[in-house]
Structures are given as C-alpha cells and as structure tokens.
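Please read the structure below before turning to the comments.
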Amino acid sequence: EGQEGMCIITKTHFTWVITDKARKSFEGADPSDAEKATAYTGASSDGGTYKFVGPSKVTIHRLYSINPQLVGKDFTFEYEFDGELCKYWILQEDGSRGPLGKARRIAK
C-alpha cells in the first residue's frame, strides 16, 4: 500500500517500475548524491521473461534490473486473483510464501 507503479506483461515478457509513494522530491535541478541514493532506495525496476511453472506459479527471469546483482536471476511467485485484484507471494527457498503483495489489473 505504500508503493505505486506499473507492470506491463506481454505473452513472453514483462517490465515493471515501482516507487515508494513517500519518496521526496529533489531540492533543486541538480540533486546531491545523497538525494539520488535515497530516490534509488525507494524505487525498483525490472524486466525480462517469464514462464508458468505450476498452477498459479510463475518464474521470472530478469534481463535487466535497477539492481545490477539481480540481472540474470530468477524468482518464483504464487498468485491468485480476486476480481481485478491480484494477490501474490514471492516463494522463499524453502517453498514458503513471503510477504503478501497486491496489484490491480487495469487492462486485459
């Protein structure tokens, strides 16, 4: 609930940009390194491919990421729809669900 963003999904690829709603604006036209670091910490952007790996499970393969260490890395999440609301959980290494995430579908 403290974040906003957009995810675009095609038949083979995805991209998303997510930011914290409470991110502060820069003080001026030339932000300091500290301001840039704070803005970076409150944002996420990834894109790549995906494949369905089971009922309501998808594995994401990152082709790019705001975090260079995540490029080429995969993760799997489990999801369920409640109308236009998508609830999802990133699956942990032991197979358990991580924290609940939510997204709203705005177009098919």
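Shape index of the chain: Rg/Rh, with Rg the Cα radius of gyration and Rh the Kirkwood radius from the inverse mean 1/r over Cα pairs, equals 1.01. The calculated FRET efficiency for the pair Leu85 and Lys21, based on their C-beta separation and a Förster distance of 25 Å, comes to about 0.85. Accessible surface calculations at 1.4 Å, restricted to protein heavy atoms, place segment 1-64 at 73 Å² per residue. The count of lysine pairs in segment 31-100 whose Cα atoms are under 19 Å apart, excluding pairs fewer than 8 places apart on the same chain, comes to 4. Label positions at His61 and Glu4, each projected 7 Å from the Cα along the C-beta direction, are separated by 3.4 nm.
The values are calculated or read from the model by the stated rules, or taken from the named source; none is laboratory data. Quick caveat: nothing in here was measured; it's all calculated off a predicted structure. Positions of Cβ are generated from backbone atoms using ideal geometry, with glycine treated the same way; all protein chains shown enter the neighbour counts. To get the accessible areas, we keep the full protein, side chains included, count just its heavy atoms, and leave off ligands, DNA and RNA. Shrake-Rupley method; radii C 1.70, N 1.55, O 1.52, S 1.80 Å.
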